[in-house]
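Structure record follows, encoded as structure tokens.
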Amino acid sequence: MAAFFKRLIAAQVAKTTGFTEESILPLVSPLPTSKKRVVTEYGLTVKPLFQEDDAPDGWQYRKSLQEFAEKIASKMTCPAHVHHVRVGSSGMVKFEVNPSVMTQKVLEQVQTEADRYGLAAEPWTDRQRQRVIVEFSSPNIAKPFHAGHLRSTLIGNCIANLHNAMGNDVIRMNYMGDWGVQFGLLGVGFQRFGSEEELAKNPIQHLFDVYVRVNEQAKSDPSIDQEAQGFNRSMEKGDSGLLDLWKRFRDLSTVEYSAMYRRLGVTFDEYAWESQYGEKAHSLLGVLKDKGLLQQSEEGTSIVDLSDLNIPQFKYATVKKSDGTTLYLTRDIAAAIDRYEAYSFDGIYYVVDKSQEGHFSQMKGILEKMNLGVAKRCHHIMFGRVLGMQTRTGNVVLLRDILDEAKNRMLHNMQETSSSKQLDNPEGVAEQLGVSAMIVQDLKGKLINHYHFDWNRILTSQGDTGVFLQYTHARLHSLEQLSGVPLDPACDSSILTEPEATLLAHHLSLFRTAISRAHSAMEPSHLTVYLLQLCHFASSAIKVLRVKDTAKNQAEARLLLFNCARQALANGMKILGIAPVNKM
């Protein structure tokens, strides 16, 4: 158990230095190890102590960080279960702990906490529970649900899960684009090319086809854009006929999207609509005017001066067009203020691709000028583009295409293996594996990076893929079911002295650290990479640590280790948004 050694080390450092145990505890953490050199160590980051103004007697004079760390190490007496103390680079004091005791304590904690393992805050942390909104997915009804929206959906779901894992109250929000010029264009297109029969049959596909067709025609017919603007103005003025059409599009699309989200295993606490903020956007313009922030441009638009905020490329932001209609930016600001008034959130996280960086900079800039205390609570989680996502028939456009392609390709791969032919629900498993593959591909790298999508690479069980996570989980589950050994949480796990066992157990102790790092950096890759390493360590251990046909005490201890590895893996997969499979 990480807490056991943290307290042990913190108490000894406090006794040696005079710093309080409470100030030391957050600075102690288990350190990663490797197959080449299996050493179970904990590290003390001394920099916060070095920088502390009110240091105990004898510790005020601090020439350098390294010297300060060496002084601590030189005065330390190793407590029980700590073998050796040394100083590493950057002034970190490292404590090598007894691997057998470490293994025993870690497995005890996993068994005790089970599906809460890694999710419980350490008892000495004083982190306050926060209320946060995560706004993600947010497709536009008038446009196709493309790979960027899929990335937002998968990333946003994980960000929300990370907040939950850290003990926060989370509101998962889907802010659907159902207003503005693009919707006016769709409305005009449907009046020209729409089919009630096709709309009822497959609403998203039909609306997309209409949107593509009217866009194509607009290239050679300028009157279409003028009609779309007129359509939009009429909607803002409350034209009942057009609003009825808009509501039908919205309701039909919502049913279709809900079905797709179920396939992804994604849920939302609230659906919000851009159209909700039409009136509030106009009210916002009045507030900006009253605050002296609204100016008139030469073109007749209403703008807010941002030149004093040093926002790259944006000296001002347009909040109203010359024809009197509002913009997406205006409605977004109105929405942020409305949500703050409704929820008093500590933070709102917008999971939107990097191309919208300027939009959110302008939004935060205007909120900052309004001085409502909202701007500092707004966070843009940026991500890069997916390159090369195609089906066998061409470019993927709709979410249904992407999910069907993943399932069908995975089903084809599974049919090549004998074990898959024994599954009760091969299509359901194929769907889960396909979704898992897309999630890990999306989350294992830095969010800001673009990545090239390759169906063959992501759907293999070899290498760092979602299928590999599922394969390892299923393998560990099968081992438990077929070993013929009952699981005994009270068995003597201290006999697990093999390097593979020590490496796996020590890696389990790092689980909470991986979650914390992923949350603090808003980078799911910290957790994703941790879980992939866990699978590699578990695979190596399975090859060496036989359970079946082994002495009873050894078999029980090894089975317990593998059970704990499967539990941690399952807990972590769920945070990523992956539902673990037991058989594949």
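The values are calculated or read from the model by the stated rules, or taken from the named source; none is laboratory data. None of the values given here were measured: they were computed from a predicted structure. Cβ coordinates were reconstructed from backbone atoms using ideal geometry, including for glycine residues, and neighbour counts include every protein chain displayed.
The table that follows gives values for the structure above.
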item: Which listed residue is over 15 Å from residue 572 (Cα atoms) and touching a residue at least 60 places away in the same chain (Cβ under 8 Å), from 512, 475; result: 475
item: Residue in the range 413-440 that is surrounded by the fewest Cβ atoms within 10 Å (Cβ to Cβ), counting only those that are more than 12 Å from residue 583 (Cα to Cα), of a type outside the set (S, T, N, Q) and modelled with pLDDT of 90 or more; result: 427
item: Selection within the range 462-502 - acidic (Asp, Glu) and part of a helix (DSSP H, G or I); result: 480, 500
item: Members of the range 308-324 that are among the polar types (S, T, N, Q) and out of contact with any strand residue (DSSP E or B) (no Cβ under 7 Å at 6 or more places or on another chain); result: 310, 313, 322
item: Meets criteria (at pLDDT 95 or above, under 28 Å from residue 154 (Cβ atoms) and of a type in the set (A, V, I, L, M)) for residue 317; result: no
item: Flag for residue 531 being under 24 Å from residue 413 (Cα atoms), touching a Gly at 6+ places or on another chain (Cβ under 7 Å) and at pLDDT 95 or above; result: yes
item: Test: residue in the range 147-160 that is assigned to a loop (DSSP other than H, G, I, E, B), closer than 13 Å to residue 266 by Cβ and out of contact with any Lys or Arg (no Cβ under 8 Å at 6 or more places or on another chain); result: no
item: Subset of the range 160-201 (residues that are small (Gly, Ala, Ser) and farther than 30 Å from residue 343 by Cα); result: 184, 187, 189, 194, 195, 200
item: Any hit, the range 448-461, residues being of a type in the set (Lys, Arg) and either at pLDDT below 95 or part of a loop (DSSP other than H, G, I, E, B) (or both); result: yes
item: Members of the range 520-573 found to be in a loop (DSSP other than H, G, I, E, B) and either within 30 Å of residue 448 (Cβ to Cβ) or among the acidic types (Asp, Glu) (or both), listed by number; result: 522, 523, 524, 549
item: Number of positions in the range 416-447 that are assigned to a helix (DSSP H, G or I) and over 22 Å from the mean Cα position of the chain (by Cα); result: 9
item: Filter result for residue 345 (in a loop (DSSP other than H, G, I, E, B), under 30 Å from residue 204 (Cα atoms) and aromatic (Phe, Trp, Tyr)); result: no
item: Residues within the range 211-228 that are out of contact with any Leu (no Cβ under 9 Å at 6 or more places or on another chain) and either surrounded by 12 or more Cβ atoms within 10 Å (Cβ to Cβ) or in a helix (DSSP H, G or I) (or both), tallied; result: 7
item: Leading residue by the ranking (modelled with the lowest pLDDT) among those in the range 386-397 that are surrounded by fewer than 18 Cβ atoms within 10 Å (Cβ to Cβ) and within 30 Å of residue 350 (Cβ to Cβ); result: 391
item: Residue match in the range 509-516 (condition: among the β-branched types (Val, Ile, Thr), in contact with a helix residue (DSSP H, G or I) (Cβ under 8 Å, 6 or more places away or on another chain) and within 22 Å of residue 463 (Cβ to Cβ)); result: no
item: Set 208, 231: member being among the aromatic types (Phe, Trp, Tyr), part of a helix (DSSP H, G or I) and more than 30 Å from residue 577 (Cβ to Cβ); result: 231
item: Cβ-Cβ under 7 Å pairs, at least 6 apart or on other chains, the range 200-212 side farther than 16 Å from residue 188 by Cα, far side modelled with pLDDT under 90 and in a loop (DSSP other than H, G, I, E, B); result: 204/398; 205/398
item: Strands (runs of 3 or more DSSP E) within the range 272-336 that include 3 or more residues of a type outside the set (S, T, N, Q); result: 302-305, 316-320
item: Total residues in the range 4-41, condition assigned to a helix (DSSP H, G or I) and of a type in the set (Gly, Ala, Ser); result: 4
item: Looking only at the range 165-185, and only at residues there that are at pLDDT below 95 and in contact with a strand residue (DSSP E or B) (Cβ under 9 Å, 6 or more places away or on another chain), the one that is farthest from residue 233 (Cα to Cα); result: 176
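Matching residues to (1) under 28 Å from residue 439 (Cα atoms); (2) surrounded by fewer than 17 Cβ atoms within 10 Å (Cβ to Cβ); (3) among the polar types (S, T, N, Q):
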residue: 257; (1), (2), (3): yes, no, no
residue: 268; (1), (2), (3): yes, no, no
residue: 274; (1), (2), (3): yes, no, no
residue: 299; (1), (2), (3): no, yes, no
residue: 331; (1), (2), (3): no, no, no
residue: 342; (1), (2), (3): no, yes, no
residue: 349; (1), (2), (3): yes, no, no
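Matching residues to (1) surrounded by fewer than 20 Cβ atoms within 10 Å (Cβ to Cβ); (2) modelled with pLDDT of 90 or more; (3) in contact with a strand residue (DSSP E or B) (Cβ under 9 Å, 6 or more places away or on another chain); (4) of a type in the set (S, T, N, Q):
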| site | (1), (2), (3), (4) |
| --- | --- |
| 2 | no, no, yes, no |
| 5 | no, yes, yes, no |
| 27 | no, yes, yes, no |
| 34 | yes, no, no, yes |
| 37 | yes, no, no, no |
| 59 | yes, no, no, no |
| 86 | yes, yes, yes, no |
